[in-house]
Amino acid sequence: MSLTRLNKAKAMLSDQSLDKLAHEAARRNCTVDDLVERLLSDKSGIERALRESEERYRGIVESQIDLVCRYTTEPRLTFVNDAYCAYFRKTREELIGQSYIPLIDEDQHEAVFRRLRDCQQDPRPRVAEVRSTSPNGDVRWIEWVDFGITDDSGKVVMVQAVGREITRVKQIEDALRANEHHYRVLFEYGPLPKWVYDTETLKILDVNRAAVAEYGFSREEFLHMDIRDLVAPEHLAEMQARMTQPNYHIEGDLESQHVRKDGTCFDVEIRSHEISLGKHRARLVVAHDLTLRKQLEQERIYTSSLETALAKDREILQLKESFLSIISHELRTPLTVIMSGVNILSRYHDKLTFEMQQDRLERIRMQVERMSHLIDDVLAVSRGQADQIEFRPALTLVQDLCNEIAEYARIVDQNRHPIHVDFTLLPGSSAMLDKRLIEHILINLLTNATKYSDNGKPVNLGVSQNKGELVFTVRDSGIGIPEQEQERLFQPFFRANNVTSIDGTGLGLVIVKQSVERHGGTIDFESHLNQGTSFTIRLPAIDPEAVHPAAH
């Protein structure tokens, strides 16, 4: 150490201090100069250690993401770290020596000064949340931890503060509070009774206003009850048995019967959801009074029964009207033949041979018999008893029967359409058929073909054999059947919308189909609007021993 520094140090000491140094030097067995030099060396080390410690402290503070500052009791800032500067977007020079109060929202100032006064009285750490609004309008929150720094007398001369931004936490808390308020309003003011119960004890933990109004219990009474107190006695055993089942779990809605405070019972539909309520495992229950629904259901059933009865009455009335229409229309065909025969006999009886007269009379008799059978069949259809149509098959000459039917159709049509009959069966071919039902089938199809075709348009009746089946085909070039209505063609009383101006009852094809089915056969059709319709009937009625090979 230089002599100059040593002399300067000795010069700064008082005589009393020098005496103490001399005494200490004697005790250490060294000179005063050696002792002073040693003490000066120790002080430099302490100063260096203090500087190093301060540098380490500053490095730690500056590297913090938290805001760190110190300020006096005025309060004026004496230190701020980089995080503090960055948060408030100010330099260290702009902050040191200035009050931090302007950095805080004005409505926060009173609380800050009160906390500063408290810290001066008690320097122990305290926590506070402080709000500030940035120049661009962003609201931010910091949670500060303040503690006082005291002098040797214990007086607080400085305050050290560490802050952490909690803006996101505050936003989440605000959102949670808003959601809680929202759900509380939904729970409390919802129109349906609701309550929350502990799944372990079954105690009711909360209840809404609708439940209080519906059940008649006060909120306080509810909170001293469990959910079993709400169940009607006759349903309580069922509920307890259900809840004691292993792994019991509620899915969907449950119907039960509840009891009000006045003892009245009512049907309810229960829906529940598991929720977390603090440390409780709980369920939220929503109850819907089914009284009105049950009443409406009973009224609906009663109304439905009335509608069914009215529908039956309408059906009966429609059947009666249809029957009258059948009598006035469908029976007109054989009456035309009878009238024609009577006119011929009355006008030309003197010119007809006995055999010709007998033939005309036989035709009249057959038509009267046909009318009688037709009335029986129409009655069966009207009563929904189509299976009661008599089926009396007999060995029948197919070609002769078809020629008679074609001739009959020509007479009814008054020869307005050429009716052609094409056979691929040899003459004399026979089959087991019910002649009366075949007449129903072919006459209905042929008269429909002529009725729905323009005058002069031909109608064809084809008869053939195909793999043990007797096949009849009736084809016309008429108005056809609309595609969207074809699936309803064989329904009773149905008539397509393009034939409303043409007389008919909607029962003819029903009788045809039932007559075909009585033979165990099938009926199909193909139709195109304004191009015509073709019906194909297949009957398993061939007598193999009586049928000749088809002509080639």
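The values are calculated or read from the model by the stated rules, or taken from the named source; none is laboratory data. Remember, it's a predicted structure, so these values are computed and weren't measured experimentally. For neighbour counting, all protein chains shown are included, and Cβ atoms are generated from backbone atoms with ideal geometry for every residue, glycine included.
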Practice problem: Filter segment 206-242 down to residues that are among the acidic types (Asp, Glu), assigned to a helix (DSSP H, G or I) and either at positive phi or modelled with pLDDT of 90 or more (or both), then give me how many there are. | Solution: 4
Quiz item: When you go through (1) at pLDDT 90 or above; (2) closer than 23 Å to Ser276 by Cβ one by one for Ile250, which number turns out not to apply?
Solution: (1)
Quiz item: Could you say whether any residue in segment 76-84 is buried (at least 18 other Cβ atoms within 10 Å of the Cβ) and among the acidic types (Asp, Glu)?
Solution: no
Practice problem: Could you please give the count of residues in segment 289-338 that are at pLDDT 80 or above, surrounded by fewer than 12 Cβ atoms within 10 Å (Cβ to Cβ) and over 42 Å from the mean Cα position of the chain (by Cα)? | Solution: 0
Practice problem: Filter segment 145-199 down to residues that are exposed (fewer than 11 other Cβ atoms within 10 Å of the Cβ) and acidic (Asp, Glu) and give me whichever is nearest to Glu269 (Cα to Cα). | Solution: Glu180
Quiz item: Hey, His548 hits all of (1) farther than 21 Å from Glu439 by Cβ; (2) at pLDDT below 65; (3) surrounded by 14 or more Cβ atoms within 10 Å (Cβ to Cβ) but one; which does it fall short on?
Solution: (3)
Exercise. Taking only segment 268-302 into account, find how many residues are in contact with a strand residue (DSSP E or B) (Cβ under 7 Å, 6 or more places away or on another chain) and closer than 18 Å to Glu255 by Cβ.
Key: 15
Quiz item: Across segment 156-198, what is the total count of residues that are in a loop (DSSP other than H, G, I, E, B), out of contact with any His (no Cβ under 7 Å at 6 or more places or on another chain), at pLDDT 85 or above and over 20 Å from Ile104 (Cβ atoms)?
Solution: 2
Quiz prompt | Enumeration of residues in segment 90-136 that are under 55 Å from the mean Cα position of the chain (by Cα) and among the hydroxyl-bearing types (Ser, Thr, Tyr) | solution = Ser132, Thr133, Ser134
Self-check item: Out of Gly428, Gly478, Gly456, sole residue that is in contact with a strand residue (DSSP E or B) (Cβ under 8 Å, 6 or more places away or on another chain) and either without any contact (Cβ under 8 Å) to a residue 24 or more places away in the chain or closer than 20 Å to His528 by Cα (or both)
Solution: Gly478
Practice problem: Within segment 378-401, track down each residue that is closer than 14 Å to Leu437 by Cα, modelled with pLDDT of 85 or more and of a type outside the set (Val, Ile, Thr). | Solution: Arg392, Pro393, Ala394, Leu395, Leu401
Quiz item: Is at least one residue of segment 146-155 outside any strand (DSSP E or B), in contact with a Pro (Cβ under 9 Å, 6 or more places away or on another chain), free of Cβ contacts under 8 Å to residues at least 60 places away in the same chain and of a type outside the set (Ser, Thr, Tyr)?
Solution: yes
